[in-house]
Amino acid sequence: MRIWCFTCFGEKEEDCISSTKEMSEGILGNVIDGGGEAASASSAAAGGGGNDDMENDESEGFGLGLHSWGGIGAGVVAGGANEDGGGGLSDGGNGDLENEGFFEVVNWRHFDQLEKDSCKKGIKEVNLQLGLSDEPSSSSALFSAALDRENCDRDSHNKRPKVQSFSLDWGAHFDNEVSYLPLMCKDGSVDYKPDSGGTIDDEGNDSSTSKAEDLEARMDLTDDLLHMVFSFLDDINLCRASRVCRQWRAASSHEDFWRRLNFENRPISPAQFEDMCQRYPNATDVNIYGTPSIHLLVMRAVSLLRNLEKLTLGKGQIAENFFQALPDCPMLKSLAISDTALGNGIQEILIDHGHLHTLEIVKCRVLRVAIRCPQLQKLSLQRSSMPHAVLNCPLLRELNIASCHKLSDAAIRSAATSCPLLESLDMSNCSCVSDDTLREIALTCENLHILNASYCPNISLESVRLPMLTILKLHSCEGITSASMAAIAHSYMLEVLQLDNCSLLTSVSLDLPRLKNISLVHCRKFIDLNLRSSMLSLITVSNCPSLQRINITSNTLKKLVLQKQESLTSLALQCQSLQEVDLTECESLTNSICDVFSDGGGCPLLKSLILDNCESLTKVGFCSSSLVTLSLAGCRAITSLELKCPHLEQVSLDGCDHLEKASFCPVGLRSLNLGICPKLNVLNVEAPQMALLELKGCGVLSEASIKCPLLTSLDASFCSQLKDDCLSATTASCPLIESLVLMSCTSVGLDGLLSLHLLPNLTCLDLSYTFLDNLLPVFETCSHLKVLKLQACKYLADSSLKPLYNEVARALPALYELDLSYGTLSWSAIEELLACCTHLTHVNLSGCVNMHDLDWGFGGNKILEQPRPDGLSDENKQPHRLLQYLDCVGCPNIKKVAIPPTAQCHYLSSLNLSLSTNLKEIDVACCNLRILNLSNCISLETLKLDCPRLTSLSLLSCNIDEEALEAVMLCCSMLETLDVRCCPKIRMSVEQLHAAYPSLKRIY
């Protein structure tokens, strides 16, 4: 595949495609000697072929590659991407730059393979020559333009013509330029067959009218456009782009892109660096940190780059003559030196520069440093080991001497006081600094705004006055005590105060109008906090085990977090904007905290309150018009709860297992779960928006007033003390209830059931484990009931369910689910129910000891012998049953189950007969049965199934043999899950079962 850029190449250069002549020049020069051959090959491939016009106009340079370049030239250099190309640089035969692909020679090992692969399929030619006029550019016009350009002087490539706008119909022009051309293979053959029209001769030439040149991707981008696109590339991608063509090389070499020369941690030699400096003498930013021969490089930078403004160096040794040569760079404004030995270690280093603004000497080793920079504004000597520092910087505003352990107190005092305009001072970890030094600094530096004196054990600030201070950091200052607060109080401009790990601090009392942020972490003896600030926005108090009292006044504080303050007993807040409070595990808080967060307590906008695991709270009451979320999880001592919070939407009472009395009047709750309060005996709920109320497990609840007009679901399971009058009042005030669960509500009687007529929308009723013997009120009033659960209602007589199968006036016509499990109904009543209630879809008869053989065969059971309204008794006239799920778990008297097709159980999909220990015979033919559970039917001997859609069969611990199993598999072709564990007569392993019945997906 050949790639052309028409701003550089013409038709005559087509003949040079197969030439082996090397293209020896990259963006920064030519590659010679050892690196020349590889670089030339790279250049040839990147340019789309041998390019004789790329002449050598420089004596030395770098070989720069196209390693995974993803910029604008990606489409042009397709096939030239090198995923494992190494680096190479040649200067007199020595190549050093091989780090991170900065200077690379392209490895074209994959190019041949890519070209071979591309010969196997056609490729679309895209002409990107978009005309600037109304007419699209033709191929001949493009070639003509290319020939004219070739005759121009090569310096014309550096000219930047004006950029004109594209014509409005450029999309149509682009479409007209798309055509399909044959792909030229390396051997000259053509792997292309035209769809129509053209023919290909023996030599592989297309004889069609197009007779186009070899596959070409034409592109014409003006220098202005290239300049704009290249401005988004970094140094590495600029170098890769330079390999595309002559125009891109010239565009990427523009000095606008090379103002900053970054050689950080790169193995560049002095000669190479000098060449770069000579090529780009107007560079303003140079970084040679971590390079070898750093002193030689920096000396050449100083001597060759007169416009240098920023210089970064480090990791090595810098001799004194470098600092003597600094005045030769009059434009230098920023100098950063780190991890470096300055001088020979026994002499003073003088840094004298008239225009330097920023100086950083970090982690450097020097005996003595003198800085004479009249324009210097920012100086950092952080972590440098120097015992003396002399400063003559009258305009200095920021000084950082953190961790300068060798600096004496006098040296720090002399350095700081020599800078009267100082605004920021960092002296953290300077263990020698004293209060005397701070006093002199305060007197001299009247504009000091920021002071970091952390880890300075000798300061107490008791006699220091810093009125203009805005930020004060005193982390781990052992001398800071409560007496120091008097001095800090004079800093009326203070905004940020850090007192973390001040081990002797016992109390803080501050009235600072501008204070915004205060931090008190790991202050072990801290007892009392008293803050007054109209602008306070953040308080961080943590791990202060002795803290007992907090008094905060602020108009801007929105969030207060005081977790794990075990000794906190008193909290006073006057925070008009406070919205969130977290007092988790403040175990000593008393009931008085409720007054703080109620209306009139000083937090009128409070929305979220967390009091989790506050185990000293016993009686909690909140009256708040703003509270939205309340959490009392783990407050085990609470016995009484009263909430008057009309906007309360969420409350958590997990773990409040001693709660006896609760009142929610009024609240905005939509749901409430009190099932985790087993000792609750009095409940009062008034919630206009509540839809779900769960009282499950409130076994001693005897008084309940529930006024929730939108309530739809009420679960009062196991509320054994709940009486009829309470149920009647609830149904009267909650007329929209749809689901009512009264399981184990043994105190509910006939009067309570009569009140159900007030619930016209009731669809689900659970009366399991009650002592009811008459369900007539339910049958007469709950006409929309769909689910009725009567599990273990042992007092129900056979006649109690007659209204369900009364042919004349059948009750509960919408009923589809009936649970009679563990009841005492006789077998005759069950037979009548199954025979007449054909509309039921879910029937549960588990544990019914009076249930006998379930034989729905013709003439074998009363179920199929019920008289028809039309007098017909033919088997084909049996009613269609809607039964889908039938559970007969643990019925000991069932010995036979027969469900033939004549039973009309076309919808039956699940049959559960597990734990029926006396069951011996199964004969089921149901076309839609999908799940059959016969687990632990230990007496089962005969199994006949004709269930073509059965997918799951459980025979756990069944006495079934392999022949019966084989017969089942023949009749149940869709079976996927089979459980034959503990079946003594089935000796086949799981692998054998898989081999015998490949349709099975799961075998147990």
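The values are calculated or read from the model by the stated rules, or taken from the named source; none is laboratory data. Here the structure is a predicted model, which is why all the values come from computation and not from measurement. Here the Cβ positions follow ideal geometry from the backbone for every residue, glycine too, while neighbour counts run over all protein chains shown. Heavy atoms of the whole protein, side chains included, go into the accessibility calculation; ligands, DNA and RNA do not. Shrake-Rupley method; radii C 1.70, N 1.55, O 1.52, S 1.80 Å.
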Pairs Lys619/Lys723; Lys679/Lys794; Lys896/Lys985; Lys406/Lys564: which are spaced more than 32 Å apart, C-alpha to C-alpha? Lys406/Lys564
Protection proxy (average C-beta count within 10 Å per residue), highest first, orders 715-727, 365-377 as 715-727, 365-377
Mean Cβ-within-10 Å packing, highest first, puts peptides 321-327, 304-310, 818-824 in the order 818-824, 304-310, 321-327
Segment 764-856 accessible area per residue, 1.4 Å probe, protein heavy atoms, integer Å², reads 39 Å²
Given a 1.4 Å probe, the accessible area of segment 952-1004 per residue, as a whole number of Å², is 55 Å²
Spatial separation of Cα centroids for segment 735-767 and segment 315-389, in angstrom: 88 Å
With every protein chain left in place, what is the accessible area per residue of segment 374-448 in square angstrom, probe 1.4 Å? 40 Å²
May I ask you to give the percent of accessible area on segment 705-783 that is carbon plus sulfur, with a probe radius of 1.4 Å? 60 percent
Of the heavy-atom accessible surface of segment 303-362 (probe 1.4 angstrom), what whole percent is carbon and sulfur? 50 percent
